[in-house]
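Worksheet: one structure, shown below.
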2 protein chains.
Amino acid sequence: MAPVVFRAATEADLAAIVALLADDPLGSSREVAGAEPDARYRDAFAAMTRDPNQLLAVADRDGRVIGCLQLSFIPGLSRHGMWRGQIESVRVASNERGTGVGCAMFAWAIDMCRARGCGLVQLTTDKRRPEARAFYEALGFTASHEGMKLGL
Amino acid sequence: MAPVVFRAATEADLAAIVALLADDPLGSSREVAGAEPDARYRDAFAAMTRDPNQLLAVADRDGRVIGCLQLSFIPGLSRHGMWRGQIESVRVASNERGTGVGCAMFAWAIDMCRARGCGLVQLTTDKRRPEARAFYEALGFTASHEGMKLGL
């Protein structure tokens with residue numbers, strides 16, 4: 001099997017990333033996948049590309065996108081002006097799960113946070129995904145906070 | 001009593017904001033308050049000011065900083081390229097609690113998120129602050145997620 005490479009996403013990856021986001025029990029009702037990404041996804045991709053504190057990344061095996069995540073680097077005053085790395089929209093292709101790709105992708109993402117000088121990595125995970133929480137705990141994350149959302 | 005005004009923070013507010021962050025059971029061991037803000041806080045303030053997706057805001061009563069919060073506007077692909085508003089480092093001066101300032105500050109912050117086109121407002125709250133969770137629930141937030149942190 002070809003090795004997995006982690007890299008910044010390009011616009012050519014967009015349809016594959018949206019397909020990954022949609023291939024999920026919670027995501028299937030939220031996303032519109034297709035060969036041509038919807039204009040709203042293209043606009044969001046452009047906004048992420050313009051912002052040097054956003055990094056949309058993919059796991060690429062032999063030219064195929066098999067995983068993705070978004071990193072946000074957030075400056076703040078708390079804890080002596082500590083930067084935070086925030087991880088969002090994590091997905092691994094269903095046929096690639098259990099191969100260690102998720103673990104390797106997280107190790108890469110945490111290294112990126114360290115390289116950007118972050119003192120903390122944070123994420124929220126839906127309580128309906130207990131297996132995701134167990135995965136993050138195995139990586140050393142602690143469920144010390146409530147993750148609260150308000151739809152507008 | 002003079003009315004409360006919500007506005008973007010300026011560098012002149014920095015010492016007062018750090019004092020608010022430190023005046024808290026969890027924050028007191030994390031922050032270094034003083035008349036002259038530490039260089040790390042000044043650097044963090046500069047990073048926030050440079051980033052158009054960060055807004056450090058204060059509640060100002062008659063020229064005194066009596067509350068603060070940080071808003072981060074985060075672009076993303078999930079949910080049709082929805083923007084999120086994220087709220088962090090919320091504090092209200094101890095002698096101003098129970099006056100409705102927190103509620104008014106959140107109403108203002110949520111309006112700012114709406115004005116920026118966000119579809120969701122999110123925050124995490126330490127599980128050791130059950131009264132904070134109750135405050136956010138009263139504002140309509142749902143504790144649907146685990147908030148997970150990893151120190152680097």
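Taken together, the values in this text are just the output of simple stated rules run on the coordinates, not laboratory data. Since this is a predicted model, take the numbers as computed values, not measurements. Glycine gets a Cβ as well: all are built from the backbone with ideal geometry, and neighbour counts include every protein chain shown.
Taken over the range A:77-117, the criterion of being surrounded by fewer than 22 Cβ atoms within 10 Å (Cβ to Cβ) and in a loop (DSSP other than H, G, I, E, B) is satisfied by A:MET82, A:ALA93, A:ARG97, A:GLY98, A:THR99, A:GLY100, A:ARG116, A:GLY117. The single residue among A:PHE73, A:PHE141 that is touching a strand residue (DSSP E or B) at 6+ places or on another chain (Cβ under 8 Å), within 23 Å of A:PHE45 (Cβ to Cβ) and not small (Gly, Ala, Ser) turns out to be A:PHE73. Residues of the range A:87-104 being more than 19 Å from A:ARG129 (Cα to Cα) and either of a type in the set (A, V, I, L, M, F, W, C) or within 14 Å of chain B (Cβ to nearest Cβ) (or both), which ones? A:ALA104 - this is the single residue of the range A:87-104 that is more than 19 Å from A:ARG129 (Cα to Cα) and either of a type in the set (A, V, I, L, M, F, W, C) or within 14 Å of chain B (Cβ to nearest Cβ) (or both). Considering only the range A:118-140, state which residues are closer than 16 Å to B:THR124 by Cα and assigned to a helix (DSSP H, G or I). Listed by number, the list holds a single entry, A:ARG133.
What residue, among those in the range A:10-28 that are among the charged types (D, E, K, R) and within 11 Å of another protein chain (Cβ to nearest Cβ), is farthest from A:ASP126 (Cα to Cα)? Only one residue fits best here, namely A:ASP13. Restricting the range A:11-26 to residues that are touching a residue at least 40 places away in the same chain (Cβ under 8 Å) and in contact with a helix residue (DSSP H, G or I) (Cβ under 8 Å, 6 or more places away or on another chain), the residue that is surrounded by the most Cβ atoms within 10 Å (Cβ to Cβ) is A:LEU21.
Scanning the range A:128-152 for residues that are out of contact with any helix residue (DSSP H, G or I) (no Cβ under 8 Å at 6 or more places or on another chain) and among the charged types (D, E, K, R), we see that the one that is surrounded by the fewest Cβ atoms within 10 Å (Cβ to Cβ) is A:GLU131. Among the residues of the range B:3-22, just one is more than 17 Å from B:GLN70 (Cα to Cα) and outside any strand (DSSP E or B), namely B:PRO3. Here the range B:127-142 is the region considered, the condition is being more than 17 Å from A:GLY151 (Cα to Cα) and aliphatic (A, V, I, L, M), and the residue that is farthest from the other protein chains (Cβ to nearest Cβ) is B:ALA134. Checking the range A:47-60 against the condition returns a match, with at least one residue being touching a strand residue (DSSP E or B) at 6+ places or on another chain (Cβ under 6 Å) and in a helix (DSSP H, G or I). For the range A:111-125, which residues satisfy the criterion of being out of contact with any Lys or Arg (no Cβ under 9 Å at 6 or more places or on another chain) and facing chain B (nearest Cβ under 7 Å)? A:ARG114, the sole residue that qualifies. How many residues are within 20 Å of A:GLY85 (Cβ to Cβ), touching a Leu at 6+ places or on another chain (Cβ under 9 Å) and facing another protein chain (nearest Cβ under 9 Å) if we restrict to the range B:54-86? Selection size over the range B:54-86: 11. Of the residues making up the range A:33-46, none is within 7 Å of chain B (Cβ to nearest Cβ), surrounded by fewer than 22 Cβ atoms within 10 Å (Cβ to Cβ) and within 30 Å of B:ARG40 (Cα to Cα).
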